[in-house]
Every structure is written in structure tokens, then in C-alpha cells.
Amino acid sequence: MLTTRAYAAQSAKAPLAPFSLERREPGTHDVLIDILYCGVCHSDLHQVRDDWGGATFPMVPGHEIVGRVARVGSAVTRFKAGDAVGVGCIVDSCRDCPSCRKGDEQYCDTGLVGTYNSRERDGVTPTYGGYSTHITVDENYVLRIPESLPLDRAAPLLCAGITTYSPLRHYGVKAGDRLAVVGLGGLGHMAVKLAKTMGAEVTVLSTSPSKRDDALALGATHFAATSNKDTFKNLTGRFDFILDTVSAPHDYNAYLNLLKVDGTMILVGAPEAPTPLAAFPLIMRRRKLGGSLIGGIRETQEMLDFCAKHGVASDIELIPIQKINEAYERMLKGDVRYRFVIDIASLRKA
Ligand code: NAP
Ligand code: ZN
Ligand code: ZN
């Protein structure tokens, strides 16, 4: 076993603090990764605070992992020591159900093995995430990071990137479509960049008027403050798609009214509490409401290659791991420009 430094929460009320864990020696099909950077997703915060229920402790969050291969198992052919690699939210799945066979491992019938706050396929061994110096992962769940992408700015692509890329592709957002992105945080800013690159006309709907200039610089054509009641009147019936990335409960009905006939609102934000849904905003103009969970392994690689081709990466604030609890507090206030990324060198030195 490999003793590994990490940061963990011991309970839903506890701040993150130094922790030591054991990683397995790489098996035949495993890749051992020296972690260099790990993005901080709002899902880390939801899970550490047990917003969604079912949290297991101690918990080492982190599912936006980028590093270099240290060693590989004897049967590994796709990776070698020194390669730049990434690990997202999935480290295993059944590999046999219809979803796994299609490459939609995130919808595995038996439940995916999450990078943290989950159990390995043995149903017993807890998984620990990327706020740590090393991780051992089966090669089938390891992504290749194109060398042209800066590694720190690539880390958020492993969750924020794929979580927004996948629904844009699945729901068919195309050049010329009018898309509203609700919430300009980690997911939201990636949605703006990716949709703009795909040729969509992007509007950001935000609770933070101070983010207007950033939204336009990221590639949005329009910005509207949701605190202004006229926004909902002026934009009624305007959009083909709405991608909702908001982390806290809010009124979906108000946003549905902004869709055109046959428009689609896609939820990726995962607030802890349900929101009442009225029939009328859907019935009128035959609108649709859908959702999307991260993305499969093959599609994550496609997204990374797309980002490399078009020069897309996350806008980040690099922090030492010692600042993680402060970063969580800022994230709760919507004060993220636009993704915290932990420099894991700060954990090696600690
Ligand atoms: P984030 O960086 O904290 O961004 C969330 C943004 O939502 C904030 O920056 C803010 O943007 C807006 N917001 C926050 N509180 C709000 C409120 N009360 N009302 C309206 N808007 C509010 O979070 P993130 O990492 O992007 O994650 C966003 C959500 O997606 C989280 O719930 C996370 O768990 C979920 N998620 C889902 C998946 C999936 O597979 N579906 C994957 C990853 C994350 P403005 O300042 O612009 O209003
Ligand atoms: Zn995430
Ligand atoms: Zn499966």
C-alpha cells in the first residue's frame, strides 16, 4: 500500500484538515498518478456538508484531478510514466449494462463508482478523491490531457467541462441557437466558453451584476441580472435552450417562461431542496425540462480534445490546500472567478 497525504472532513460539520490514507499498489490494469492539481467543484461542498444525504466520512473530496503517470500495471498499454492524465468523477462501473456499453458510464445500471464518497466494486473499500498526492485508477477510467492544455487550467474540465459539454451535445445545441446560461460559477463559465465555441448565441442570467464584464469577456453576447424583475418580462419566449447551473434552490418556473416554443431547459445544478414545478410554463409553448449528469469516459476524452483544438480552458484561482475551507466559504457566496484549483505541491510540502 502507498501512504498518501490528503485533506479530509471527519464529519458534515467539520472543516477539512490533514489526513493520511492508503492507496493500492497499481494492479495489472491500474495507473498510479502523481496528482499535480485538483479543481474544487460545488459538488465537493454539497457532499462534505452532506447536503444530498448519504455522505460517508472521513471524506476526501476532489474529482477534477490532473497529474502525471508515476507507474503503470503490467497490462497497461495506453499510458506510460510521465504522461499527463486526468481523472474525473467516475473511477469504475459495471462495464456490462446497456449504459456502460454505450459509453454512458455515468448512468451505469448498478451505479457508478464515484471518485470519492463511494465504494469500490467490492462494495466495501471506500474511495477517496483528489485532495491528495496520489491516486490509483483503472486505465479505462483515466483520461489523456492533451499537451497543449495548461495542466492547472485543464483540471476543471474533468467535471465542470464535461458536465456542460455533454448536455450541449446531447440536447443538440448548435450554431445560431440562443442559449441562456443560468449562474456564472465553475460550471456556468465553462458552459459559456463551450457554447460560444460551438457557435451558439449565449446570454448569462446571473444574480451578480458585478459579473457582467466577465460574462462578455468569456464569450457571452448578452448579460441580464435576475434581480431585475424586467429581465423575466423582457426575455419571455427568447431562448432555444437554458442550461441551469445554479447550486441553490430557485424558481424554475420563472426561467421556463423564457423558452421559445419547443425550447428545452436543462438542469445540471443540483440544489439540495426540491422546487415546486407548475404545469403551465411547460404546457404553454410545448416546452421541455431535462437534466444531465457529468458525461461518459469516451465523451470526456472528446471534450478534452475539443478544448485543446479550440484553446478552451478554465479561468482559475490557484490556491494552496491550506486555503480550502476559505475557498468553500467564498464559493457559498458565489465569489468564485471562476474555479478554485488546488496546487497539490502545497500538500507535498506540508
Ligand atoms: P459554483 O461555482 O458555486 O457556481 C454556482 C453559481 O450559481 C454561483 O456562482 C452563482 O452564480 C449561482 N448561484 C449561487 N447561489 C444562487 C442562488 N441562491 N440563486 C441563484 N443563483 C445562485 O458551483 P459549480 O461548481 O458550478 O456547481 C453548480 C451546481 O452544479 C452545484 O449544485 C453542483 O453540485 C452541480 N453539479 C452538477 C453536476 C452534474 O453532473 N449535473 C456536476 C457538477 C456540479 P451567479 O453569481 O452568476 O448568480
Ligand atoms: Zn463536480
Ligand atoms: Zn454499467
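The values are calculated or read from the model by the stated rules, or taken from the named source; none is laboratory data. These numbers come from a predicted model, not from an experiment. Glycine gets a Cβ as well: all are built from the backbone with ideal geometry, and neighbour counts include every protein chain shown.
Does Arg212 fit the bill of being over 20 Å from Leu259 (Cβ atoms) and surrounded by fewer than 23 Cβ atoms within 10 Å (Cβ to Cβ)?
yes
Going by the conditions given, is Ala6 part of a strand (DSSP E or B) and modelled with pLDDT of 95 or more?
Working: part of a strand (DSSP E or B): yes; modelled with pLDDT of 95 or more: yes.
Criteria met by Ala6.
From the list Asp83, Asp96, which one is out of contact with any helix residue (DSSP H, G or I) (no Cβ under 7 Å at 6 or more places or on another chain), within 10 Å of ligand 3 (Cβ to nearest atom) and farther than 19 Å from Arg23 by Cα?
Working: Asp83 fails: within 10 Å of ligand 3 (Cβ to nearest atom).
Answer to the selection: Asp96.
Hey, does region 53-63 have a residue that's closer than 27 Å to Ser148 by Cα and touching a strand residue (DSSP E or B) at 6+ places or on another chain (Cβ under 6 Å)?
Yes; the residues of region 53-63 include at least one that is closer than 27 Å to Ser148 by Cα and touching a strand residue (DSSP E or B) at 6+ places or on another chain (Cβ under 6 Å).
Residue under question is Ala278, and the condition is that it be surrounded by fewer than 15 Cβ atoms within 10 Å (Cβ to Cβ) and either free of Cβ contacts under 8 Å to residues at least 60 places away in the same chain or touching a Leu at 6+ places or on another chain (Cβ under 6 Å) (or both); does it hold?
Yes; evaluated as a whole, the condition is true for this residue.
Scan region 206-264 for residues that are assigned to a helix (DSSP H, G or I) and without any contact (Cβ under 8 Å) to a residue 40 or more places away in the chain and report the count. Steps first, please.
We begin by selecting, within region 206-264, every residue assigned to a helix (DSSP H, G or I); these are 209-218, 229-234, 252-256.
Those still in the list that are without any contact (Cβ under 8 Å) to a residue 40 or more places away in the chain too: 209-213, 215-217, 229-234, 252-254, 256.
Going through region 206-264 one residue at a time, the tally reaches 18.
For Pro276, indicate whether it is more than 16 Å from ligand 2 (Cβ to nearest atom) and part of a loop (DSSP other than H, G, I, E, B). Break it down stepwise before answering.
Values: more than 16 Å from ligand 2 (Cβ to nearest atom): yes; part of a loop (DSSP other than H, G, I, E, B): yes.
Spelling it out, Pro276 is indeed more than 16 Å from ligand 2 (Cβ to nearest atom) and part of a loop (DSSP other than H, G, I, E, B).
May I ask you to verify whether Lys102 is outside the structural domain of Gly39 (by TED's automatic domain parsing) and either within 16 Å of ligand 2 (Cβ to nearest atom) or surrounded by fewer than 20 Cβ atoms within 10 Å (Cβ to Cβ) (or both)?
No, not satisfied.
Please specify each residue of region 36-70 satisfying the condition of being in a loop (DSSP other than H, G, I, E, B), crowded, with 24+ Cβ neighbours inside 10 Å and within 14 Å of ligand 1 (Cβ to nearest atom).
Val40, Cys41, Pro61, Gly62, His63, Glu64
Can you confirm whether Met331 is surrounded by fewer than 21 Cβ atoms within 10 Å (Cβ to Cβ) and either within 25 Å of Gln10 (Cβ to Cβ) or touching a Pro at 6+ places or on another chain (Cβ under 6 Å) (or both)?
yes
Checking Leu194 against (1) hydrophobic (A, V, I, L, M, F, W, C); (2) over 19 Å from Ala248 (Cα atoms); (3) within 12 Å of ligand 1 (Cβ to nearest atom); (4) in a helix (DSSP H, G or I), which single condition isn't satisfied?
(3)
If you check every pair at least six apart or on different chains, which have Cβ atoms under 7 Å apart with a residue in region 174-194 that is under 16 Å from Ile294 (Cβ atoms) and within 16 Å of ligand 2 (Cβ to nearest atom) first and a residue that is in a helix (DSSP H, G or I) and among the β-branched types (Val, Ile, Thr) second?
Once the first residue is under 16 Å from Ile294 (Cβ atoms) and within 16 Å of ligand 2 (Cβ to nearest atom) and sits in region 174-194, its partners that are in a helix (DSSP H, G or I) and among the β-branched types (Val, Ile, Thr) give Leu187/Thr163; Leu187/Thr164; Met190/Thr164; Ala191/Thr164; Leu194/Thr164.
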